[in-house]
1. Check G32 against each of (1) surrounded by fewer than 21 Cβ atoms within 10 Å (Cβ to Cβ); (2) free of Cβ contacts under 8 Å to residues at least 60 places away in the same chain; (3) within 13 Å of the chain's Cα centre (by Cα) and name the one condition it does not meet.
2. Please go through (1) closer than 24 Å to I136 by Cα; (2) within 15 Å of the ligand (Cβ to nearest atom); (3) surrounded by fewer than 22 Cβ atoms within 10 Å (Cβ to Cβ) for K73 and return the number of the only condition it doesn't satisfy.
3. Can you find a residue that is within 11 Å of the ligand (Cβ to nearest atom) and farther than 25 Å from T144 by Cα anywhere in the stretch 12-23?
4. Which condition does I4 not pass, out of (1) modelled with pLDDT under 95; (2) of a type in the set (A, V, I, L, M, F, W, C); (3) in a strand (DSSP E or B), if it passes all the others?
5. Inspect the stretch 57-64 for any residue being under 25 Å from G9 (Cβ atoms) and within 16 Å of the ligand (Cβ to nearest atom) and give the result as yes or no.
6. Yes or no: the stretch 135-143 includes at least one residue that is modelled with pLDDT of 95 or more and in a loop (DSSP other than H, G, I, E, B).
7. Would you pick out the residues in the stretch 31-54 that are within 8 Å of the ligand (Cβ to nearest atom) and either at negative phi or among the acidic types (D, E) (or both)?
8. For the stretch 126-151, what are the residues that are crowded, with 16+ Cβ neighbours inside 10 Å and within 11 Å of the ligand (Cβ to nearest atom)?
Amino acid sequence: MTTIRLVQGDITRESVDAIVNAANSSLLGGGGVDGAIHRRGGPEILAECRKLRASQYGKGLRVGQAVATTAGKLDARWVIHTVGPRFTPEEDRSELLASCYRESLRVADELGARTVAFPAVSAGIYGWPMEDAARIAVETVRATETAVEEVRFVLFDEKAYDAFARQVQ
Ligand code: AR6
């Protein structure tokens, strides 16, 4: 059984086995939670991302996929980078967002991570409505078979926290 916990705050301050990053396909950093992770985690994370680009991900990491690097100076063993879909009203990309959670947990299992912190993937710069992002996140984690014992959703503000709280009730 995986326990779901909700925390309001900055994911870069969490102490867990793996912190999930809402990255972009380039894996080379950006704004939002991605920027915060690289800033606090230090240059080791970007160095590993560059190596991954040069070796396995020449064209970038595809939307819905996940890959791990060191967590640098963060209080975690790994950062799992996943690429959320941009929200668009014209096309239902929910399955790609669900895939981010499934694939991140699959990578976590490969690593042997038991505690994993997730931000609200796609719900910032990528424009996903928070209520729906929370529903997909919680439903997908509940439906995924994993050895991860604790999934901790770390929500940056009260609006995000409340949206997730409505889903876990
Ligand atoms: N801790 C926890 N949550 C955070 C933090 C933090 N330190 N900072 C922001 N959030 P976003 P996306 C929340 O934009 O929508 C980047 O440039 C934020 O309030 O970080 O998947 C990437 O490189 C929101 O609720 O990720 C991509 O280009 C949630 O995290 C693009 O943004 C996700 O917001 C990805 O966009």
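The values are calculated or read from the model by the stated rules, or taken from the named source; none is laboratory data. Computed from a predicted model, the values in this text were never measured in an experiment. A quick note on method: Cβ atoms are made from the backbone with ideal geometry, for glycine too, and the neighbour counts reach across all protein chains shown.
1. All conditions pass for G32, except number (2).
2. Of (1) closer than 24 Å to I136 by Cα; (2) within 15 Å of the ligand (Cβ to nearest atom); (3) surrounded by fewer than 22 Cβ atoms within 10 Å (Cβ to Cβ), only one is false for K73: (1).
3. Just the residues of the stretch 12-23 that are within 11 Å of the ligand (Cβ to nearest atom), to begin with: 12-14, 19-23.
Narrowing further to those that are farther than 25 Å from T144 by Cα: 13.
Yes; the residues of the stretch 12-23 include at least one that is within 11 Å of the ligand (Cβ to nearest atom) and farther than 25 Å from T144 by Cα.
4. (1)
5. Our first condition is that a residue be under 25 Å from G9 (Cβ atoms); within the stretch 57-64, this holds for none.
There is no residue in the stretch 57-64 that is under 25 Å from G9 (Cβ atoms) and within 16 Å of the ligand (Cβ to nearest atom).
6. The initial filter retains those residues of the stretch 135-143 that are modelled with pLDDT of 95 or more, namely 135-143.
Going one step further and asking which of them are in a loop (DSSP other than H, G, I, E, B), we end up with none.
Within the stretch 135-143, none of the residues are modelled with pLDDT of 95 or more and in a loop (DSSP other than H, G, I, E, B).
7. Our first condition is that a residue be within 8 Å of the ligand (Cβ to nearest atom); within the stretch 31-54, this holds for 31-37.
Selection gives G31, V33, D34, G35, A36, I37.
8. Y126, W128, M130, A133, A134, A137, listed by residue number.
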